[in-house]
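Taking it in order: structure first as structure tokens, then the write-up.
The values are calculated or read from the model by the stated rules, or taken from the named source; none is laboratory data. Since the model is a prediction, treat every value here as computed from it, not as a measurement. Neighbour counts run over all protein chains shown; Cβ positions are idealised from the backbone, glycine included. Calculation scope for accessible area: heavy atoms of the full protein, side chains included, ligands and nucleic acids excluded. Shrake-Rupley method; radii C 1.70, N 1.55, O 1.52, S 1.80 Å.
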Amino acid sequence: MNQLVGERISIATFKAQTTRHRIMGIVNTDDMQIVFSDTPGVLKPNYKLQESMLAFSESALQDADVLLYVTDVVETPEKNMEFLEKVQKMKIPVILLINKIDELAGDTSQARLGEIVEKWHALLPNAEILPISAKNKFGVDMLLKRIQELLPESPAFFDKDQLTDKPARFFVSEIIREKILLYYDKEIPYSVEVRVERFKETEKHIHINAIIYVERDSQKGIIIGHQGMALKKVSTEARKSLEKFFAKPIFLETFVKVDKDWRSSERELNSFGYNLD
């Protein structure tokens, strides 16, 4: 979506389950508006947070005019068969994107890609299949053109200068969470949520206070690190990204708190914007 919109709306890392919310990215031209909706990846939920993530994914099946199902050259479809059965029943155009084709190297790359295409065609015979490399922007322009051809005409949903449906605070919490995904291993990033307590913008700068929530005291110690160095690194890298995003100097203060089992609490998840009600 970031490539299609032309702006970095969704955080992206090499780790699974990076996206937790449904995020809209809006493309406006003189005669067109396309609203892209990036959802979490499909998964079998193990706790209430993942139930919410799956609900975001399934919501895209209900109100989309065109469905983009994104896979890659290494993912196997077997784990998502229940979701794929729902996709197959869709009455709207479905485009299956096979991403990361840049990772196929060597003399057998074309043959390997052909095998992947055939496998997905057998599962989703009604879908158009487009191999792409979002990283290298290969196939992205062709995809955008095809989306334009498939979309029905309708009035614009958003203002012409609007880029997304999310507020500034949301992107602050997401960028901080992205750095945690990048710099911590194992379960730590998946036990973390970020809430922005203060966002005060002036003409010259933005002052932000953010709280990083974890589930255990031991996790709090790992996030902070020896003499606070781990938290300092996350805060520094997040500040740099936030300054690029907002094009202003950022004063960022981060704190760490324990909120036991927040991933399984409906009340806490609703307060974090996961809307389980």
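How many residues are outside any helix (DSSP H, G or I) and open to solvent by less than 30 Å² (accessible area, probe 1.4 Å) if we restrict to segment 112-127?
Residues that pass the stated criteria total 2.
What's the total number of residues in segment 54-94 that are over 19 Å from Thr19 (Cβ atoms) and assigned to a strand (DSSP E or B)?
1
Regarding segment 2-13, can at least one residue be identified that is open to solvent by 60 Å² or more (accessible area, probe 1.4 Å) and over 14 Å from the mean Cα position of the chain (by Cα)?
Scanning segment 2-13, I find no residue that is open to solvent by 60 Å² or more (accessible area, probe 1.4 Å) and over 14 Å from the mean Cα position of the chain (by Cα), so the answer is no.
Only one of (1) open to solvent by 50 Å² or more (accessible area, probe 1.4 Å); (2) touching a residue at least 24 places away in the same chain (Cβ under 8 Å); (3) part of a loop (DSSP other than H, G, I, E, B) is not met by Glu51, so which one is it?
(3)
Answer yes or no: is there a residue in segment 114-126 that is more than 30 Å from Trp262 (Cα to Cα), of a type in the set (Phe, Trp, Tyr) and in contact (Cβ under 8 Å) with a residue 40 or more places away in the chain.
yes
Pull up segment 102-111, narrow it to residues that are out of contact with any strand residue (DSSP E or B) (no Cβ under 7 Å at 6 or more places or on another chain) and surrounded by 14 or more Cβ atoms within 10 Å (Cβ to Cβ), then point me to the one that is modelled with the highest pLDDT.
The extreme case among them is Leu104.
Which of the residues belonging to segment 75-84 are under 19 Å from the mean Cα position of the chain (by Cα) and either more than 25 Å from Leu144 (Cα to Cα) or exposed (fewer than 15 other Cβ atoms within 10 Å of the Cβ) (or both)?
The answer is Asn80, and nothing else.
Which one of these is under 14 Å from the mean Cα position of the chain (by Cα) and surrounded by 15 or more Cβ atoms within 10 Å (Cβ to Cβ): Val27, Val66, Val70?
Sole residue among the options that is under 14 Å from the mean Cα position of the chain (by Cα) and surrounded by 15 or more Cβ atoms within 10 Å (Cβ to Cβ): Val70.
Restricting to segment 128-168, give me the number of residues that are surrounded by fewer than 18 Cβ atoms within 10 Å (Cβ to Cβ), polar (S, T, N, Q) and in contact (Cβ under 8 Å) with a residue 40 or more places away in the chain.
2
With a cut-off of at least 1 residues that are open to solvent by 20 Å² or more (accessible area, probe 1.4 Å) and closer than 20 Å to His21 by Cβ, name the strands (runs of 3 or more DSSP E) lying wholly within segment 169-277.
Strands (runs of 3 or more DSSP E) meeting the threshold: 193-201, 206-214.
Kindly establish whether Lys44 is farther than 25 Å from Ile116 by Cβ, without any contact (Cβ under 8 Å) to a residue 60 or more places away in the chain, assigned to a loop (DSSP other than H, G, I, E, B) and not polar (S, T, N, Q).
no
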